[in-house]
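Data block below; observations after.
The values are calculated or read from the model by the stated rules, or taken from the named source; none is laboratory data. Predicted model only: the values in this text are computed from it and were never measured. Neighbour counts run over all protein chains shown; Cβ positions are idealised from the backbone, glycine included.
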Amino acid sequence: MKKSEIILFETKDKEVTLSVPMDGDTVWLSQAQMAELFNTTKQNVSLHANNCFKEGELDMKSVVKDFLTTASEGKKYKTKHYNLDVIISEATV
């Protein structure tokens with residue numbers, strides 16, 4: 001796969017559709033995307049991720065990356081994205 005290639009995933013009933021940035025050998029999701037994927041809130045995703053960092057399960061510097069996101073009005077924002085290690089960790093909660 002090419003760097004920054006966009007891949008779409010959706011369930012059979014089309015409840016979840018995610019645009020997933022690829023970078024190197026991993027995928028990256030925002031807290032909002034993980035909340036949608038796991039049917040929870042961004043606050044729960046943040047709480048669990050922060051616990052993983054505090055307990056040393058994951059190293060924040062290697063699993064968190066800022067991506068630029070363009071809002072509907074055209075303004076660009078930095079949005080934290082989490083790699084596959086964090087996504088898997090969230091899935092086990």
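From the list Leu84, Leu58, exactly one residue is of a type outside the set (S, T, N, Q), touching a helix residue (DSSP H, G or I) at 6+ places or on another chain (Cβ under 7 Å) and either over 22 Å from Val20 (Cβ atoms) or in contact (Cβ under 8 Å) with a residue 12 or more places away in the chain (or both). Which is it?
Values: Leu84 fails: touching a helix residue (DSSP H, G or I) at 6+ places or on another chain (Cβ under 7 Å).
Residue meeting the stated conditions: Leu58.
What do you reckon, is Asp13 surrounded by 10 or more Cβ atoms within 10 Å (Cβ to Cβ) and modelled with pLDDT under 85? Steps first, answer last, please.
On the way: surrounded by 10 or more Cβ atoms within 10 Å (Cβ to Cβ): no; modelled with pLDDT under 85: yes.
No, not satisfied.
Given the options Lys61, Lys78, Lys42, name the one that is loosely packed, with under 15 Cβ neighbours inside 10 Å and in contact with an Asp or Glu (Cβ under 6 Å, 6 or more places away or on another chain). Before the answer, list the steps.
On the way: Lys61 fails: in contact with an Asp or Glu (Cβ under 6 Å, 6 or more places away or on another chain); Lys42 fails: in contact with an Asp or Glu (Cβ under 6 Å, 6 or more places away or on another chain).
Only one candidate passes the filter, namely Lys78.
Would you call Ser4 of a type in the set (Ser, Thr, Tyr) and modelled with pLDDT under 70? Please lay out each step first, then the result.
Values: of a type in the set (Ser, Thr, Tyr): yes; modelled with pLDDT under 70: yes.
Judged against the criteria, Ser4 is a match.
State all residues of region 48-83 that are within 16 Å of Met34 (Cα to Cα) and of a type in the set (Phe, Trp, Tyr); if no residue qualifies, say none.
Phe67, Tyr82
Do you know which residues across region 64-75 are surrounded by 15 or more Cβ atoms within 10 Å (Cβ to Cβ) and of a type in the set (Val, Ile, Thr)?
Within region 64-75, Val64 is the sole residue that qualifies.
Which of the numbered conditions does Leu47 fail, given that it passes all the others? Conditions: (1) aliphatic (A, V, I, L, M); (2) modelled with pLDDT of 75 or more; (3) under 13 Å from the mean Cα position of the chain (by Cα).
Here Leu47 meets the rest and fails (3).
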